[in-house]
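Asks: Pasting in a structure now, in structure tokens, and then I'll have a few things to ask.
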Amino acid sequence: MLGSGNAPALFHLRLSGSVALALEEAMMCEPQIILRKWSGRIRTADEAVYVAYIAKTGLKEYSETPGNLGYQMMMRTLGDGVSEVSTLSWWRDMEAVRSFAGDNPERAVYYPEDDRFLLDRPEFVEHHRVFASNIGLGEA
């Protein structure tokens, strides 16, 4: 029995060398959605104000940039009055990311009032190629 109830069936599939290589090559040749992740730290007391500020700056700029497929902003409390904020944005390709971030897309983008909120300014962001996704946040 592979699975029961609503639990997904998990199994390992062993592919022959040529099939595995062909699958790997196909995955590498297919256009890949790019996930861009930035994280920083703010004072927990500033969370609500910071969310409003980012909605008018970075999140607005994400949505106005051609090739942006969407974004999310998350917070978690770290303790001692500090929260971590992360933004995830999805892009059609690295060229779209460059339209937002400029010629050095690995560098974080900052706005004039960021120093008012940020406890640190990480220099770099992360970029990931998305190979699988299933997000249904409105279906909860």
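Asks: With (1) in contact with a helix residue (DSSP H, G or I) (Cβ under 9 Å, 6 or more places away or on another chain); (2) farther than 20 Å from Val51 by Cα as the list, and Glu106 as the residue in question, which single condition is left unmet?
Replies: (1)
Asks: Right, another one. Can you pull out the strands (runs of 3 or more DSSP E) entirely within segment 32-99 that have at least 2 residues that are open to solvent by less than 50 Å² (accessible area, probe 1.4 Å) and closer than 18 Å to Glu113 by Cβ?
Replies: 33-43, 82-91
Asks: With respect to the numbered conditions (1) at pLDDT 95 or above; (2) over 25 Å from Ala45 (Cα atoms); (3) of a type outside the set (D, E, K, R), which one is the sole condition not fulfilled by Gly136?
Replies: Status for Gly136: all satisfied but (1).
Asks: Continuing with this model, one more query. Which one of the conditions (1) surrounded by fewer than 16 Cβ atoms within 10 Å (Cβ to Cβ); (2) in contact with a strand residue (DSSP E or B) (Cβ under 6 Å, 6 or more places away or on another chain); (3) closer than 21 Å to Val51 by Cα does Phe117 fail to meet, given that it meets all the rest?
Replies: Going through (1) surrounded by fewer than 16 Cβ atoms within 10 Å (Cβ to Cβ); (2) in contact with a strand residue (DSSP E or B) (Cβ under 6 Å, 6 or more places away or on another chain); (3) closer than 21 Å to Val51 by Cα one by one, Phe117 breaks only (1).
The values are calculated or read from the model by the stated rules, or taken from the named source; none is laboratory data. Here the structure is a predicted model, which is why all the values come from computation and not from measurement. Positions of Cβ are backbone-derived with ideal geometry, glycine not excepted, and every protein chain shown enters the neighbour counts. When the accessible area is computed, the model is the full protein with side chains, heavy atoms only, and any ligands, DNA or RNA have been set aside. Shrake-Rupley method; radii C 1.70, N 1.55, O 1.52, S 1.80 Å.
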